[in-house]
Amino acid sequence: MIKEKIQQLANDIFDDVVANRRHLHSHPELSFHEIETSVFVARKLEELGIEYHKMADTGLVALIKGDKPGTEVVALRADMDALPILEANDVPYKSQNEGVMHACGHDVHTSSLLGVAKILTELKSEFGGTVKLIFQPAEEKLPGGASLMIQQGVLENPKPSAVIGQHVMPLIDAGKVGFRSGKYMASTDELYVTVKGKGGHGAQPQQNVDPVIITAHILTALQQVVSRFADPKSPSVLSFGKVIANGATNVIPNEVYLEGTFRTMDEGWRAEAHIKMKKMAEGIAESMGGSCDFKIMKGYPFLINEEKLTASVRGFAEDYLGKENVLDLDIWMAAEDFAYYSQVADSCFYRLGTRNEARGITSSVHTPTFDIEESALEQSVGLMAYLAVKQLGN
Ligand SMILES: [Zn+2]
Ligand SMILES: [Zn+2]
């Protein structure tokens with residue numbers, strides 16, 4: 001049985017996967033600068049006799065073809081970049097690159113995919129079809145490594161019928177995984193707004209155009225975009241976390257600067273909301289004698305897990321880990337550049353549990369104390385290999 005063989009191999013190579021994860025964890029590199037990481041992955045692929053080619057500078061793509069007949073292609077994706085965070089964990093594999101940390105678990109994703117490569121290489125004679133391995137740079141930074149690799153043809157020659165990705169989740173216990181069918185994560189756009197008026201003495205408002213009051217109206221009014229124009233069945237969030245009016249008790253400033261985020265799960269509505277927000281802010285500012293410069297920096301699209309593929313992959317996960325270890329995920333309004341694959345190919349993005357409360361491993365991703373329960377690497381590697389082989393029809 002292929003399942004038992006994969007389980008055995010995942011157990012056999014566990015120490016090796018942990019060592020790779022620790023190496024990557026202690027040598028983190030920022031988005032678009034995954035130079036050493038890329039060399040490391042390339043060397044590991046060479047050791048396995050797997051041919052690869054580079055893409056988007058530091059990205060790598062490789063194919064593993066089974067010996068049995070089969071024309072299906074399934075792609076597996078791992079991201080490789082780290083974050084500008086100073087690691088606070090006191091562990092032997094602590095970041096040696098001060099101020100840079102694998103705080104989103106991309107070291108786990110990369111070492112896991114290398115483990116999958118090893119298992120599939122060992123099992124070539126047991127399956128048919130092709131697995132495409134995608135080691136992708138720069139998930140954490142716009143425009144996102146996924147978008148660049150897609151532009152450069154990562155989903156062509158051969159074209160995968162499914163793209164599968166996993167991500168660590170410290171809310172889920174190690175040993176378990178989570179799935180969600182359909183819309184799962186949000187599109188994310190950054191808003192940079194300058195409200196301009198005419199500053200002056202706070203005692204003489206009649207001689208000035210007060211950008212603080214204009215801003216107050218704009219902030220309140222923009223919430224109507226979410227509450228009155230958005231379809232209540234589809235989530236939207238608008239938050240402004242930065243509002244700077246650098247006046248004083250008696251000084252009205254010339255301008256107010258705002259930064260915010262807009263998130264949703266519908267590309268048509270996203271475009272429409274951009275126009276509405278801009279128009280509303282500009283209109284309010286103008287009606288009050290000021291002006292408004294409303295800039296939108298478009299981020300990743302929303303992430304959708306294709307229903308048929310997700311049902312199929314989830315079934316394989318239940319088979320591999322046991323039904324009790326496969327959970328349902330809720331919608332999450334964060335963004336992830338795997339969304340780009342999901343917009344153009346049938347895709348499934350699932351969560352790998354990495355929590356161990358007894359050992360104090362509970363910190364969120366993107367925090368200086370994030371870490372994982374490493375036993376999860378055994379399921380991570382075995383499950384991904386199993387999903388690929390089964391999805392190929394074996
Ligand atoms: Zn992240
Ligand atoms: Zn991440």
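The values are calculated or read from the model by the stated rules, or taken from the named source; none is laboratory data. Remember, predicted model here, so these are calculated numbers, not experimental data. We place every Cβ from the backbone using ideal geometry, glycine too, and count neighbours over all the protein chains shown. Please note that ligands, DNA and RNA were not included when accessible areas were found on the heavy atoms of the full protein model with its side chains. Shrake-Rupley method; radii C 1.70, N 1.55, O 1.52, S 1.80 Å.
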> Can you give the three extents of the C-alpha atoms in segment 206-264 along their principal axes, from longest to shortest, in whole Å?
Replying inline: 45, 21, 14
>> Limiting things to C-alpha atoms, what are the Rg and the maximum Cα-Cα separation (Dmax) for segment 115-245, in angstroms?
In response: 24.7, 84
>> Counting only helical runs of four or more DSSP H residues, what would the 222 nm mean residue ellipticity of the chain come to if each run contributes -39,500 (n - 2.57) and the total is spread over all its residues?
In response: -11000 deg cm²/dmol
> Helix 106-122: angle to the longest alpha-carbon principal axis of the chain, degrees 0 to 90, nearest 10?
Replying inline: 20 degrees
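So which GluC sites (Glu not before Pro) in segment 55-155 pass both tests, a DSSP loop state and at most 14 other Cβ atoms within 10 Å of the Cβ? Show your work: numbers first, answer last.
Working: sites: 72, 87, 98, 122, 126, 139, 140; in loops: 87, 98, 139, 140.
Those satisfying the criteria are 98.
More than 21 Å apart: what percent of Cα pairs in segment 316-394 qualify? Can you show the working numbers first?
Numbers: 1318 of 3081 pairs.
Percentage above 21 Å: 43.
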> Which value, in debye to the nearest 20, describes the size of the charge dipole of segment 21-71 about its Cα centre when Lys and Arg Cβ atoms bear +1, Asp and Glu Cβ atoms bear -1, and nothing else is charged?
Replying inline: 220 debye
>> Between 0 and 90 degrees, rounded to the nearest ten: what's the tilt of helix 307-321 against the longest Cα principal axis of the chain?
In response: 50 degrees
> If we restrict to alpha carbons, what Rg and Dmax does the chain come to, in Å?
Replying inline: 23.9, 84
>> As I understand it, the value is the acute angle between the Cα axis of helix 376-391 and the longest principal axis of the Cα atoms of the chain; what does it come to in degrees, rounded to 10?
In response: 80 degrees
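What whole-number value in Å² describes the accessible area per residue of segment 189-313 for a 1.4 Å probe?
Working: 6530 Å² over 125 residues.
Using a 1.4 Å probe on heavy atoms only, each residue of segment 189-313 averages 52 Å².
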> Say a paramagnetic label sat at a point 7 Å from the Cα of residue 369, along Cα to Cβ; which residues of segment 81-105 have their backbone N under 16 Å from it?
Replying inline: 86-91, 103
> Over 27 Å between Cα atoms, which of 132/298; 94/124; 124/159; 44/68; 132/176; 3/44 qualify?
Replying inline: 132/298; 94/124
> Scaled to the compact-protein estimate 2.2 N^0.38 Å, what is the alpha-carbon radius of gyration of segment 255-346, rounded to two decimal places?
Replying inline: 1.62
> Under a point-charge model restricted to the Cβ atoms of Lys and Arg (+1) and Asp and Glu (-1), what is the dipole moment magnitude of segment 324-394 relative to its Cα centre, in debye to the nearest 20?
Replying inline: 120 debye
> Within the accessible area of segment 286-394, what % is carbon and sulfur when the probe is 1.4 Å and the other protein chains stay in place?
Replying inline: 48 percent
